[in-house]
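Heads up, the thing below is written out as structure tokens.
The values are calculated or read from the model by the stated rules, or taken from the named source; none is laboratory data. Quick caveat, the model's predicted, so the values are computed rather than measured. Reconstructed Cβ throughout: ideal geometry from the backbone, glycine too, with neighbour counts over all protein chains shown. Accessible surface is based on the protein model in full, side chains and every heavy atom, while ligands, DNA and RNA are left aside. Shrake-Rupley method; radii C 1.70, N 1.55, O 1.52, S 1.80 Å.
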Number of protein chains: 2
Amino acid sequence: MSAENPDLAIAQAATLRPITEVAETAGIPADALVPYGTDKAKVDVRKMSTPSTHGTLILVSAMSPTPAGEGKSTTTVGLADAFTLKGKRTMVALREPALGPIMGIKGGATGGGYAQVVPMEDINLHFTGDFHAIQIANNTLAALVDNHLQQGNQLGIDPRRIQWKRVVDVNDRALRSIVVGLGGASQGVPREDGFDIVVASEIMAILCLASDLADLEARISRVVIGFTYDRAPVTVQELGVAGAITMLLKDALLPNLVQTLGGTPALVHGGPFANIAHGCNSLAATRLALSLSEITVTEAGFGSDLGAEKFLDIKSRLGGLSPDGAVVVATVRALKMHGGVAKSDLATEDVDSALAGTANLARHVENLRKFGLEPVVAVNRFPTDTEAELQAVLDWAHEQGFRAALSEVWAKGGEGGLAVADELLAAMSGDRGGGFRPLYDPAGGIEESLRTLAREIYGADDVVFADRAPAQLRMLKRNGWDDLPVCVAKTQYSLSDDPTLLGAPTGHLLHVRDLVPKIGAGFVVALTGAIMAMPGLPKEPAATRMGVTDDGESIGLF
Amino acid sequence: MSAENPDLAIAQAATLRPITEVAETAGIPADALVPYGTDKAKVDVRKMSTPSTHGTLILVSAMSPTPAGEGKSTTTVGLADAFTLKGKRTMVALREPALGPIMGIKGGATGGGYAQVVPMEDINLHFTGDFHAIQIANNTLAALVDNHLQQGNQLGIDPRRIQWKRVVDVNDRALRSIVVGLGGASQGVPREDGFDIVVASEIMAILCLASDLADLEARISRVVIGFTYDRAPVTVQELGVAGAITMLLKDALLPNLVQTLGGTPALVHGGPFANIAHGCNSLAATRLALSLSEITVTEAGFGSDLGAEKFLDIKSRLGGLSPDGAVVVATVRALKMHGGVAKSDLATEDVDSALAGTANLARHVENLRKFGLEPVVAVNRFPTDTEAELQAVLDWAHEQGFRAALSEVWAKGGEGGLAVADELLAAMSGDRGGGFRPLYDPAGGIEESLRTLAREIYGADDVVFADRAPAQLRMLKRNGWDDLPVCVAKTQYSLSDDPTLLGAPTGHLLHVRDLVPKIGAGFVVALTGAIMAMPGLPKEPAATRMGVTDDGESIGLF
């Protein structure tokens, strides 16, 4: 095991069960399995019968994170392995990592230590090609739109009002704002444009929300690519290419099966980011897991203000899901940061600051209670944490009447998640009130939905509509799209839209600067604060530390 | 079988052997096989021993084509199946299709009728993800270059002299000429830029010429991404990211195994276009096929003036290959077109025009003879051909002293290729003169190499250097790159650089308008005439006729 890179070393040292055996354990019939190598596969759900029952669903969320992350995927995987250890038929459902951030800062996104999904290298790199398929489907549509302009523009599309952007799975800030179609009459129609990262593509959202191929095609048909000179929406249906775009996605729609280091079957499928998109793995994967297991553990990106809120208000509502339990991952490091400690000092013991930072954690617990869930706080142990810090946080949680337990899955795998698993079972067996309910009714209109989110979840006083948002709001109403759920793009570092407001901010305003209708996905994206749908690379990208041995083993993923 | 779409219907109706069984037939050990589903696999050549012998190599080329193509892949596959029928241990090595043109005009590129590689749908769509890996490797490098500019530009890269372009596997003319980095100081450095199609990426060329992972990384390290303000070349090595880019390509470097409808094991790997790149499948696949078979049949894109010339002058020289036999595919349709018949009238019998068009075919035969090869003319039968036309062409060929035979592989599979196979065996058993030799010695300099190609292969009087070419020529000399082989980007429709000059043009000039050093690939690309490295879509793209059934079967690939 390399001291620099323990996650990769642990993953590379693991002996994986053949994926055919993992599938058998999970109850997936052999003829529905499409192997990709010996340790990953796609599951052709079309070849499986419709399930009559489904198991318990547990959603893992987190407090507002440090830039290094709080180990939410790690906790999700370790918790699933804990349930497996307890003899429960368990599956874990996760998002696929995006390559862009891996090359930038993250280095990998498959859990860590002894709580990982494997094969770690493949999942972090190209995996089964889903993101690549989404990218080319998205960009083929973009080329068809620009080609329509070039070939006479029969539909009368206004080049200034095209909202369909191209995407790459690369953090490429130079593509945020560009001009295309230069070079003369044979080179296209010049217009302002820009690329998003692939995880922000509406195709990604659609793939993650579609129930089958027919629904996928219907959603793609409804996608609005832009508007005519008369401001009428133009759909993919009108371009006549929904079939081709769906064909490019027919394999990507099938969930991917892998395994955890603890032997739990894992479905890793779809991966919208939670700060710029809806933040959940595919509905297809969640439904498959629920149909096969007693307990499904899943995660949604970042905190209760982002992935969890969207899991509950968008994915669960649309997919008829009803989560039974929830986890909020907390770390002493993040608590200290929210308590005012500088990032460079997070490794130094500081009980008071950790306790000061609990205001952020408490807000996330309260947020989830507003959805009718009683979450368990999982304190994810880091090597730099001291016993005094960990104990103080657990004591504080118990004093607040929160369920809480220490999670040591990074070091111990499933064994380290048993305490959290027990708390969850206790929480789910007790009185659960009315159970899960979404926070808002989209029928009240987008302004009202945003106001509810701002006040109830972000702790804001009100919403401000600026820049393009007021005009877009009028456009949404004109087209009858004002009753769609809202998918807020917002920084993950604060409950507010300002990444510098740590802890549990109040009295602030939610600044909505744009509203983008994603009619195929079935929601409206609200861009808030300074969040952008295309990240950049840092000064020293993780890519500079990566490589491959002559035998084909990766170096520098972590 | 659908009358509209017989190729897809034939492919979908075929019963495929499990890929494990195909591998066993081919002599590939089980532990070197990485299955992708049940009917395709990658071959981990690192797990195979170095071969001591190798078989016979046959190169399939063609006359200058009509826009619909002359059935070169079809002939290649059918010929391989003919050798299999004759009891020869045979493999076929082909390029992977690119998605961009499939969505535009082509519809598919895996042969046709009863001479196809299968699974046809998968190979034409995402296959094993090689092109996607190349795309993201290429674009990750581009983002790292722009990020270097943004983060202080320590290497002093001149933003006006960056030659590394982004790529997509989409025919997207609006991306040919763009401006990136707009929007202010935090959004990158504004500069003129453009996208190429993925098959023109230097990464594609490198992947197809690399002998192993170490060579792949060494080549990527040598890639010149642009120049400093002092006009010194800047390499990937200096950016420190060759390891990361290589890691993204570690699986893509492994050849893909599939099968033909006739049961011949097929390696389909890599796919640079022959009009804008070097036009041959990977060296890794060709070497693997040669090591496993008595006879390897391979193709290079378009005619003797494009793919075949590059196969012989670039790939064979670099890889130490020595082709034993060659085929020139001809069709009555193409002969009539070169004889002056309008494209709309090609289905009408016209023996005289077909004979008038033989001037083009004769030039391709003579071109291959200049490399020491004695090609067989394969007259690929189309349903609209008449017996009189076919017989006239065969008679003409025999009168010229050319070896020639009718090929009926589209309708009859391997049986329809036996006559061509027999001619080839006869040609290779006879006196072959000195055998294969490249046409030019790159040590003479790029101007001289281009002059030799222009006169000997294209029938031109001389070369004209215009636009950027004279300055680029000085730059090449200044940097010591003047002795590299040249890879000419040129229209496929004419032996000249003018697509309207049909037949066997003489007295024309080769117009070189740009020279681009591809130091990682090891050659200099010469852009001639009006050829562009990013195609466009037609007014009615093939995409508008495509779709997918609810069971996941493709519609409209052909």
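The lone criterion from (1) assigned to a loop (DSSP other than H, G, I, E, B); (2) at pLDDT 95 or above left unmet by B:E423 is number (1).
Taking the listed residues B:E217, B:E192, the one that is among the charged types (D, E, K, R), more than 20 Å from the chain's Cα centre (by Cα) and assigned to a helix (DSSP H, G or I) is B:E217, with no other qualifying.
Within the stretch B:228-247, the set of residues being facing another protein chain (nearest Cβ under 7 Å), of a type in the set (A, V, I, L, M, F, W, C) and either free of Cβ contacts under 8 Å to residues at least 24 places away in the same chain or closer than 16 Å to B:K42 by Cα (or both) comprises B:M247 only. Taking the criterion of being assigned to a helix (DSSP H, G or I) and either in contact with a Gly (Cβ under 9 Å, 6 or more places away or on another chain) or open to solvent by less than 30 Å² (accessible area, probe 1.4 Å) (or both), the residues of the stretch A:225-263 that qualify are A:V236, A:L239, A:A242, A:G243, A:A244, A:I245, A:T246, A:M247, A:L248. The set of residues from the stretch B:307-340 being open to solvent by 10 Å² or more (accessible area, probe 1.4 Å), basic (K, R) and within 17 Å of the chain's Cα centre (by Cα) comprises just one member, B:R317.
Out of A:S353, A:S293, one residue alone is at pLDDT 95 or above, in contact with a Ser or Thr (Cβ under 7 Å, 6 or more places away or on another chain), more than 20 Å from A:I457 (Cβ to Cβ) and hydroxyl-bearing (S, T, Y). It is A:S293. Scanning the stretch A:398-420 for residues being assigned to a strand (DSSP E or B) and within 28 Å of A:E456 (Cβ to Cβ) gives a total of 4. Restricted to the stretch B:426-443, and to residues there that are in a helix (DSSP H, G or I) and in contact (Cβ under 8 Å) with a residue 12 or more places away in the chain, the residue that is farthest from B:T528 (Cα to Cα) is B:A426. Suppose the filter is in contact (Cβ under 8 Å) with a residue 60 or more places away in the chain and among the small types (G, A, S); does A:G188 pass it? Considered against the rule, which asks whether it is in contact (Cβ under 8 Å) with a residue 60 or more places away in the chain and among the small types (G, A, S), A:G188 comes out as no. Within the stretch B:157-172, the residues that satisfy the criterion of being open to solvent by less than 30 Å² (accessible area, probe 1.4 Å) and either within 19 Å of A:L537 (Cβ to Cβ) or at the interface with chain A (Cβ under 7 Å from one of its Cβ atoms) (or both) are B:I157, B:P159, B:I162, B:W164, B:R166, B:V167, B:V168, B:D169, B:V170, B:N171, B:D172. In the stretch A:188-206, the residue that is nearest to A:L144 (Cα to Cα) out of those that are among the β-branched types (V, I, T) and more than 8 Å from chain B (Cβ to nearest Cβ) is A:I203.
If you go through the stretch B:28-82 and keep only what is of a type in the set (G, A, S) and free of Cβ contacts under 8 Å to residues at least 60 places away in the same chain, you end up with B:A30, B:A32, B:S49, B:S52, B:G69.
The listed residues are B:D462, B:D395, B:D467, and the only one of them that is surrounded by fewer than 20 Cβ atoms within 10 Å (Cβ to Cβ), assigned to a helix (DSSP H, G or I), without any contact (Cβ under 8 Å) to a residue 60 or more places away in the chain and of a type outside the set (K, R) turns out to be B:D395.
Yes/no per residue for (1) part of a loop (DSSP other than H, G, I, E, B); (2) touching a Ser or Thr at 6+ places or on another chain (Cβ under 6 Å); (3) within 23 Å of B:V297 (Cβ to Cβ); (4) more than 14 Å from chain A (Cβ to nearest Cβ):
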| residue | (1), (2), (3), (4) |
| --- | --- |
| B:D7 | no, no, yes, yes |
| B:D39 | yes, no, yes, no |
| B:R46 | no, no, no, no |
| B:P51 | yes, yes, yes, yes |
| B:H54 | yes, yes, yes, yes |
| B:L57 | no, yes, yes, yes |
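Of the listed requirements (1) open to solvent by less than 20 Å² (accessible area, probe 1.4 Å); (2) among the polar types (S, T, N, Q); (3) closer than 24 Å to A:G552 by Cα, B:T76 misses just one: (3).
In this structure, A:S282 does not qualify as open to solvent by 20 Å² or more (accessible area, probe 1.4 Å), under 23 Å from the mean Cα position of the chain (by Cα) and under 25 Å from A:T128 (Cβ atoms). Every condition in (1) within 10 Å of chain A (Cβ to nearest Cβ); (2) surrounded by fewer than 22 Cβ atoms within 10 Å (Cβ to Cβ) is met by B:A185 except one, and the failing one is (1). Restricting attention to the stretch B:17-28, the residues that are away from chain A (no Cβ under 14 Å) and part of a loop (DSSP other than H, G, I, E, B) total 3.
The residues of the stretch B:173-182 that are aliphatic (A, V, I, L, M) and either farther than 22 Å from B:I245 by Cβ or more than 8 Å from chain A (Cβ to nearest Cβ) (or both), listed by number, are B:A174, B:I178, B:V179, B:L182. Residue count for the stretch B:94-128, restricted to those that are at the interface with chain A (Cβ under 9 Å from one of its Cβ atoms), aliphatic (A, V, I, L, M) and either within 19 Å of B:S282 (Cβ to Cβ) or in a loop (DSSP other than H, G, I, E, B) (or both): 2.
Determine, yes or no, whether B:F311 is of a type outside the set (D, E), modelled with pLDDT of 95 or more, closer than 27 Å to B:S449 by Cβ and not in a helix (DSSP H, G or I). In short, no. Each residue in the stretch B:143-156 was checked for being out of contact with any Pro (no Cβ under 7 Å at 6 or more places or on another chain) and more than 7 Å from chain A (Cβ to nearest Cβ), and 7 of them qualify.
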